[in-house]
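Inspection log for the structure reproduced underneath, given as structure tokens.
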Amino acid sequence: MGWSEHRIKEYRQGKPATWLERRILEHANPVHFTLAMIALVGFVYGLWMNNWIWIVGAVILSMIGHIYCWLWTDRQPASS
């Protein structure tokens, strides 16, 4: 049994995730990932065109993704 299978078994038994594991899962959130990719495109475009409005907008968009994940509570799917 590998490390990931061992940790999944521990999660199912109720052991909480570590701080680093929560950060990794935060970046795997689809909303955060989508906002980060849009922000990356805006940031690169802003650097390319030397336009600080695009750069600031990209940083703000990226922070919105982080804040969304920080405030988002863990929702357990309904068991059937």
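Here is a yes/no grid of residues against (1) polar (S, T, N, Q); (2) farther than 15 Å from TRP72 by Cβ; (3) in contact with a Gly (Cβ under 9 Å, 6 or more places away or on another chain):
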position: ILE8; (1), (2), (3): no, yes, no
position: ARG12; (1), (2), (3): no, yes, no
position: TRP19; (1), (2), (3): no, yes, no
position: ARG23; (1), (2), (3): no, no, no
position: ALA28; (1), (2), (3): no, no, no
position: HIS32; (1), (2), (3): no, no, yes
position: MET37; (1), (2), (3): no, yes, no
position: VAL44; (1), (2), (3): no, yes, no
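Cβ separations smaller than 6 Å between residues 6+ apart or across chains give the following pairs from the range 47-68 residues that are without any contact (Cβ under 8 Å) to a residue 24 or more places away in the chain to residues that are in a helix (DSSP H, G or I) and small (Gly, Ala, Ser): TRP54/GLY42; TRP54/GLY46; ILE55/GLY46; GLY57/GLY42; ALA58/ALA39; ALA58/GLY42. Looking only at the range 48-66, residues that are surrounded by 11 or more Cβ atoms within 10 Å (Cβ to Cβ), part of a helix (DSSP H, G or I) and of a type outside the set (A, V, I, L, M) come to 5 in all. Identify all residues within the range 1-47 that are closer than 23 Å to TRP70 by Cα and part of a loop (DSSP other than H, G, I, E, B); write none if there are none. Once the filter is applied, which keeps residues that are closer than 23 Å to TRP70 by Cα and part of a loop (DSSP other than H, G, I, E, B), the range 1-47 yields GLY14, LYS15, PRO16, ALA17, THR18, ALA28, ASN29.
Scanning the range 1-47 for residues that are among the small types (Gly, Ala, Ser) and exposed (fewer than 11 other Cβ atoms within 10 Å of the Cβ) turns up GLY2, SER4, GLY14, ALA28.
Taken together, the values in this text are just the output of simple stated rules run on the coordinates, not laboratory data. Since we're looking at a predicted model, the values are computed, not measured. Glycine also receives a Cβ, built like all others from the backbone with ideal geometry; neighbour counts cover every protein chain displayed.
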